[in-house]
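Working notes, structure below.
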Amino acid sequence: MSNEVNAVIIMFGGSGDLAHRKLYPALFGLFQHGVLKDHFAVIGTARRPWSDDHYQEVVRDSVKEAGNTDQDAIAAFAKHFYYQSHDVTDADHYVTLKQLAAKLDEQYEVGGNRLYYMAMAPKFFSTIATHLKSESLLTNTGFNRLIIEKPFGHDYESAKALNDAITGTFKEEQIYRIDHYLGKDMAQAILALRFANPWFKAVWDKDHIKDIQITLAEAVGVEERAGYYETAGALRDMVQNHVMQLLAYLTMDEPEALTSEAIHAVKAKAFDDLHRYTEDEARQNFVRAQYASATVDGKKVPGYREEDGVAPDSLTDTFVAGKMLTDNPKLAGVPIFIRTGKRLTRKSTQVTVTFKDGDGLFGHTPGDQLTVYIEPNEGYTLEINAKKLGETATLEREWLNMRHDDQAVSDAPEAYERLIGDVLAGDQTNFNHWNELAQIWRYVDVITRAWANDKTMPTYKAGSMGPQAAFDLLKPGDHKWYWQPRHTQLAD
Ligand code: BG6
């Protein structure tokens with residue numbers, strides 16, 4: 001059975017970095033898997049005046065840089081790409097775009113399906129949405145779907161204003177607010193782990209769980225994105241979206257079915273259930289910091305304030321750790337520790353559930369620890385108490401370790417391919433609904449306000465795992481970070 005989807009894809013931000021690094025390779029993956037085949041065309045738009053030939057060359061380069069080598073397939077794929085220089089504020093340009101889309105629709109026998117992809121500076125999102133309506137770009141036959149990249153606003157008010165603008169043009173069921181973490185295989189695997197194993201289901205509650213930990217660590221610094229990052233910081237760049245999505249998977253109730261509606265219902269509840277702090281409580285339960293220069297493995301690494309494009313007195317957080325709670329009665333009181341940062345020891349996204357200690361036949365035994373490695377080294381470990389070989393009653397910690405094979409991981413579709421494929425299939429499961437996002441922003445805004453008047457910014461050494469305060473946060477109740485990598489030589 002063919003899984004081919006017909007579509008004219010209009011890419012706002014067609015000359016941008018995201019399109020180059022992620023979106024063209026993802027579309028190529030869909031092409032290779034037959035989802036995009038004969039009946040599709042992509043219109044790239046951006047300000048610069050490019051020819052179709054040049055654009056196709058850019059697309060071919062992007063696909064090759066992502067490691068693809070099938071030259072014939074790459075050439076055939078790139079022929080579906082067209083370029084339209086576009087000023088997003090000029091209504092006339094939308095008319096030209098509409099005509100080109102109609103022409104390509106006819107040429108490729110698409111049948112009216114349109115996918116609008118906003119992959120550019122967020123300040124233009126509302127303008128584009130408004131013009132798509134005023135210049136009547138949406139078709140009357142086929143589907144019209146919008147993919148919108150982050151950041152979706154920078155606080156609740158701006159997110160709401162943006163949402164109002166796009167819902168003036170698109171209905172909720174046509175809007176796909178993307179969070180690429182939801183396309184990650186091992187993030188999705190949390191659902192199967194929790195709900196396909198009666199054993200885990202039976203112990204996933206406050207009687208058995210001591211704490212939940214979510215770590216999104218990056219070894220890279222701000223790279224060339226200071227312009228954006230200065231306006232975001234780790235809280236908005238990672239916590240507001242990726243961390244929250246993992247948290248929802250870890251704390252939500254079991255959905256009634258594996259459908260988009262059922263999953264969104266329990267996710268929305270998980271966000272409603274987040275225990276709201278006052279600003280004072282937020283100050284006590286969240287830690288922020290900025291990376292400072294250090295010598296990492298013999299190499300001098302600049303501090304955040306020394307990076308290109310960063311203000312020398314910047315108060316932008318590059319690290320956030322926090323203790324969160326849910327009011328869901330099943331997990332009420334269980335601390336959920338989160339942390340994320342740039343320039344940490346190693347790149348790793350992982351979550352750990354630590355179960356409570358036990359007392360029994362073998363005396364006091366430490367709780368088992370279940371870890372899901374989301375990326376890299378995709379897999380699971382479970383640390384348990386086990387009898388030492390050759391002894392009668394002496395225990396030791398054993399590590400049950402399952403890692404997916406590297407080849408299998410690289411053969412699986414990449415997050416963006418999976419997510420764009422979902423959009424083409426009309427499946428909203430792995431996208432953010434507005435009501436979920438609204439709740440997340442309400443939560444995050446309290447933390448932002450709590451920090452707003454604080455003119456000091458603690459630092460941590462580049463290459464470390466964050467400031468001491470992020471470790472101290474876990475001390476009450478005898479918690480500690482499960483993952484404490486020490487594979488970096490650090491010096492001042
Ligand atoms: C993005 C952030 O959303 O996620 C980046 O804007 C960050 O700052 C990236 O580097 C991390 O994604 P991944 O998939 O590499 O963990």
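Here are the numbers for the structure shown:
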quantity	calculated
Options V351, V334; residue that is hydrophobic (A, V, I, L, M, F, W, C) and more than 16 Å from the ligand (Cβ to nearest atom)	V334
Residues that are without any contact (Cβ under 8 Å) to a residue 40 or more places away in the chain and not hydroxyl-bearing (S, T, Y), drawn from the range 123-160	K123, L132, K133, L138, N140, N144, L146, I148, E157
Among residues of the range 439-461, those that are farther than 19 Å from A232 by Cβ and either surrounded by 17 or more Cβ atoms within 10 Å (Cβ to Cβ) or under 25 Å from the mean Cα position of the chain (by Cα) (or both), counted	2
Whichever residue in the range 412-436 is touching a helix residue (DSSP H, G or I) at 6+ places or on another chain (Cβ under 8 Å) and among the small types (G, A, S) and, among such residues, is surrounded by the fewest Cβ atoms within 10 Å (Cβ to Cβ)	A412
Checking R60 against (1) within 27 Å of L132 (Cβ to Cβ); (2) modelled with pLDDT of 95 or more; (3) not aromatic (F, W, Y), the condition it does not meet	(1)
Test result for G183, under 24 Å from A412 (Cβ atoms) and out of contact with any Ser or Thr (no Cβ under 6 Å at 6 or more places or on another chain)	yes
Answer residue from the range 163-187, given it is acidic (D, E) and within 16 Å of the ligand (Cβ to nearest atom) and is farthest from Q350 (Cα to Cα) among those	D179
Residue match in the range 210-218 (condition: modelled with pLDDT of 95 or more and surrounded by fewer than 17 Cβ atoms within 10 Å (Cβ to Cβ))	no
Pairs with Cβ under 6 Å, 6+ apart, first in the range 182-198 and assigned to a helix (DSSP H, G or I), second more than 16 Å from the ligand (Cβ to nearest atom) and not hydroxyl-bearing (S, T, Y)	R194/F200; F195/E254
Helices (runs of 4 or more DSSP H) lying entirely in the range 391-478 (those with 2 or more residues that are in contact with a Phe, Trp or Tyr (Cβ under 6 Å, 6 or more places away or on another chain))	434-452
Hits in the range 342-371 (condition: assigned to a strand (DSSP E or B) and closer than 25 Å to M252 by Cα)	S348, T349, Q350, V351, T352, V353, T354, F355, Q369, L370, T371
Qualifying position, being among the basic types (K, R), within 16 Å of the ligand (Cβ to nearest atom) and modelled with pLDDT of 95 or more, among R418, R442	R418
Where a residue in the range 239-251 is closer than 15 Å to K323 by Cβ and its partner, wherever it lies, is among the hydrophobic types (A, V, I, L, M, F, W, C) and within 11 Å of the ligand (Cβ to nearest atom), with Cβ under 7 Å and at least six apart	V243/L216
Pick from the range 479-492, criterion at pLDDT below 95 and more than 25 Å from the chain's Cα centre (by Cα), ranking: farthest from D357 (Cα to Cα)	D492
Condition broken by A232, with the remaining ones in (1) assigned to a loop (DSSP other than H, G, I, E, B); (2) near the ligand (Cβ under 10 Å from one of its atoms); (3) surrounded by fewer than 21 Cβ atoms within 10 Å (Cβ to Cβ); (4) of a type outside the set (K, R) satisfied	(1)
Those residues of the range 303-320 which are small (G, A, S) and part of a strand (DSSP E or B), in sequence order	none
Answer from K323, K300, K267 - the residue that is more than 19 Å from the chain's Cα centre (by Cα), among the basic types (K, R) and either closer than 22 Å to D211 by Cα or assigned to a loop (DSSP other than H, G, I, E, B) (or both)	K323
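One line per residue, one yes/no per condition, for (1) among the hydrophobic types (A, V, I, L, M, F, W, C); (2) part of a helix (DSSP H, G or I); (3) away from the ligand (no atom under 16 Å from the Cβ):
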| position | (1), (2), (3) |
| --- | --- |
| V222 | yes, no, no |
| Q245 | no, yes, no |
| L250 | yes, yes, yes |
| E254 | no, no, yes |
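The values are calculated or read from the model by the stated rules, or taken from the named source; none is laboratory data. This one's a predicted model, so the numbers in the text were calculated from it and none came from an experiment. In this analysis, Cβ positions are derived from the backbone assuming ideal geometry, glycine residues included, and neighbour counts consider all displayed protein chains.
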